[in-house]
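Engineer: Structure below; questions to follow.
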Amino acid sequence: MHQATDNSGRVTFWIDGNLLVDVTGVSTVPTMWLSWNVGGSASHHPSTARDLFSTTAAITLTGP
């Protein structure tokens with residue numbers, strides 16, 4: 001991700017080494033404050049449990 005409040009931003013995602021998303025020319029954040037996390041949140045928790053699985057996440061400058 002290239003963080004930008006104007007339209008010079010970029011977001012790129014790979015899954016298992018395969019390019020999934022590569023979007024350029026976008027605003028990626030409303031302000032220059034940014035947080036990266038894997039997970040989720042909700043204002044109201046469901047009555048049943050939910051699972052989230054994440055085995056590997058990496059932030060790189062060059063890709064996989």
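Values quoted throughout were computed directly from the atomic coordinates according to the rules given, and no laboratory measurement underlies them. Bear in mind the structure is a predicted one, so any value in this text is a computation, not a measurement. In this analysis, Cβ positions are derived from the backbone assuming ideal geometry, glycine residues included, and neighbour counts consider all displayed protein chains.
Engineer: Using per-residue counts of other Cβ atoms within 10 Å, averaged over each peptide, order 16-27, 1-12 from highest down. Intermediate values should be presented prior to the final figure.
Structural biologist: Working: 16-27: 10.0, 1-12: 13.1.
Highest to lowest by the protection proxy: 1-12, 16-27.
Engineer: Enumerate the calculated ³J(HN,Hα) couplings along region 16-23 in order (Karplus 6.51 cos²θ - 1.76 cosθ + 1.60, θ = phi - 60°), each rounded to whole Hz, writing x wherever the residue is Gly or Pro.
Structural biologist: 6, x, 9, 5, 9, 9, 9, 10
Engineer: Right, here's the next one. In nm, to one decimal, how far is the modelled label at Val26 from the one at Arg10, with both set 7 Å along Cα→Cβ?
Structural biologist: 1.4 nm
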